[in-house]
Amino acid sequence: MSTVTPERARIPRDRENDYTRDAARNRQEFAREKTGVDLEHVSSYSFDPGTLTGNIENFIGVAQVPLGLAGPLLVNGEHAQGEFWVPMATAEGTLVASYNRGMRLLYESGGVTTTVMQDHMQRAPVFIFPSAREARDFRDWLGEHFDEIKAAAETTTRSGKLQEIETYSAARMLYTRFNYTTGDAAGQNMTGKATQAACRWIKDHYPGIEHYFLEGAFATDKKSSQVNMLRTRGKRVVAEATVPDDVLRRVMRSSSELMFRARQVNNLGGFMSGVNNNGAHSANGITALFIATGQDAANVAESSAAFAYAERRENGDYYFSITIPALIVATYGGGTGLATQRECLEMLGCYGKGKVNKFAEIVAATVLCGELSLGSAVVAEEWVEAHDLFGRNRP
C-alpha cells in the first residue's frame, strides 16, 4: 500500500537579504498562520535585524527576559578593580535580591579577591592506528614536532595560540587535547578551525594514521567533565573573601560557626549524590550574567562546575572561596555585540578587546556572593520565606 508524503511547509526566506524587517515580518505572518498566535511581544524589538548575521537564522523577533541590577560588587582583582553594577537576566524571583544581598555582605567585608589561574580552550581530535604500538610512536612524534604543528594551526587565526597538546591513549587510539589561548573570544569555532589545519598538516607528514576525527569527545564541549575540572576549559578563576563573624551576624543573621558546620554537612551530601559541584547554585548567577551579556548560554553546562572551600579562622572569621575551572566567556564576537548585550557589557566596562579576564573575574566574584547569600539564607531558615516574598507572581 503506497503512502503519500504531505508537502513540507517551508519557513519563508529572502535569498537576497534575509536580515531585514520585511523578511522578519514575512516569517511572523507565517508563524501566525501556522500557530494562531499574534506574536505582539515577540515582534517588538529595537535593533536593526541587519546586525544579526552570524547570530541567528530565520529571525522573527526576540525573547524578552527581565533584567535586574545588583550591586555594588566590590572586586579586588588583577583585572577587575573597584565597584561594579551587575546586570542579571532572569525570570526567577529572589535571584537578583539574593545576589544583591551577598554583594552587600562582601562589600562590608572588604570585597572579593579574584585571580585568573589558567586559560585554555580545546579541540580534541582522536587518531586511529593499526595497533597500540603505532599510537604510542605517534604520541612521541607529536611532542617532537610541536613547533611545526603549532605553526600550521596558527595560520588560521590572529588571536588563537596553541599552548600544548595533551595525549591520552586507549586501545589503538590516541586521544588528544589541543589547548589554545583565544584572546577575548570564547574560541570554540576558532580552535576548531585551527585544529583542522593542524590535523591536515599532521596527516600529510605522518604516515600510518588509519583515520582521525576532528573531535573525539575529549574536549567535552557543552558538557561538564572531570577532565575539564582538573585541566581547565576556558578560564580557571578563583574568587575568595574573608567575612568577619560580626558582619555575618548583622547582615545575614547567621554565624561563621553555623556556616562552617553547614559546609561540612553539604560536602558529605554532595559526595554521596555524586555532584560535580559542592557549592550551592553557581549556575544561577552564571546563567543570568550569560544571558545579559550575550554569552553562549549552553556553556553554563561546563561553566557552572565549581569547587567551594571554607575555613573558620581562629578569630571566628569565615574564609570562603569558589574555584570555577571551566568558565567560558567572551567580550568580543558571538552574541556580545548584540545591542542589549553590548550595553550590559559596557555597564561593566567589559565590552571589546582586552577585557575578557576582567569579565571572568566579575563573574566569579558574583558567583561567590550568591553562594554566601543562599548558604546564609538556608542556615538562618530564611530561604523559603524569601521565595514566598519575592518569588511568587500568582495570587
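The values are calculated or read from the model by the stated rules, or taken from the named source; none is laboratory data. Bear in mind that the values here come from a model prediction, so they are computed numbers and not experimental data. A quick note on method: Cβ atoms are made from the backbone with ideal geometry, for glycine too, and the neighbour counts reach across all protein chains shown. Quick note on the areas: whole protein, heavy atoms, side chains included, nothing else; ligands and nucleic acids left out. Shrake-Rupley method; radii C 1.70, N 1.55, O 1.52, S 1.80 Å.
Pairs only if they're at least six apart or on different chains, beta carbon under 9 angstrom, first in segment 130-142 and in contact (Cβ under 8 Å) with a residue 40 or more places away in the chain, second open to solvent by 60 Å² or more (accessible area, probe 1.4 Å) and among the basic types (K, R); list them, first residue then second.
P130/R172; S131/R172; A132/R172; E134/R172
Give me the pairs, please: first residue somewhere in segment 334-345 and over 16 Å from A186 (Cα atoms), second residue anywhere and hydrophobic (A, V, I, L, M, F, W, C) and part of a helix (DSSP H, G or I), beta-carbon distance under 8 Å, and either six or more positions apart or on two chains.
Hits for this filter: C344/A292.
Looking only at segment 146-182, which residues are in a helix (DSSP H, G or I) and open to solvent by less than 20 Å² (accessible area, probe 1.4 Å)?
Those that are in a helix (DSSP H, G or I) and open to solvent by less than 20 Å² (accessible area, probe 1.4 Å): I149, A152, A153.
How many residues does segment 117-141 hold that are hydrophobic (A, V, I, L, M, F, W, C) and surrounded by fewer than 18 Cβ atoms within 10 Å (Cβ to Cβ)?
4
Among the listed residues P6, P12, which satisfies the condition of being assigned to a loop (DSSP other than H, G, I, E, B), open to solvent by less than 60 Å² (accessible area, probe 1.4 Å) and without any contact (Cβ under 8 Å) to a residue 40 or more places away in the chain?
Within the list P6, P12, the selection yields P12.
If you scan segment 24-47, which residues turn out to be closer than 26 Å to E343 by Cα and out of contact with any Ser or Thr (no Cβ under 9 Å at 6 or more places or on another chain)?
Across segment 24-47, the qualifying residues are L39, E40, H41, V42, S43, S44, Y45.
Please state which of the following conditions M117 fails to meet, knowing it meets all the rest: (1) farther than 17 Å from T191 by Cα; (2) touching a residue at least 60 places away in the same chain (Cβ under 8 Å); (3) out of contact with any Pro (no Cβ under 9 Å at 6 or more places or on another chain).
Failing condition for M117: (3).
Out of A241, A185, A262, which single residue is open to solvent by less than 30 Å² (accessible area, probe 1.4 Å), more than 21 Å from V116 (Cβ to Cβ) and either of a type in the set (A, V, I, L, M) or not in a helix (DSSP H, G or I) (or both)?
When all the criteria are applied, what remains is A262.
How many residues are out of contact with any Leu (no Cβ under 8 Å at 6 or more places or on another chain) and either touching a residue at least 12 places away in the same chain (Cβ under 8 Å) or charged (D, E, K, R) (or both) if we restrict to segment 45-67?
So the count comes out to 14.
Checking E311 against (1) loosely packed, with under 15 Cβ neighbours inside 10 Å; (2) within 11 Å of the chain's Cα centre (by Cα): exactly one of these is not met. Which one?
The single condition E311 does not satisfy is (2).
Could you tell me which residue of segment 26-40 is nearest to G335 (Cα to Cα), considering only residues that are free of Cβ contacts under 8 Å to residues at least 24 places away in the same chain and assigned to a helix (DSSP H, G or I)?
It comes out as N26.
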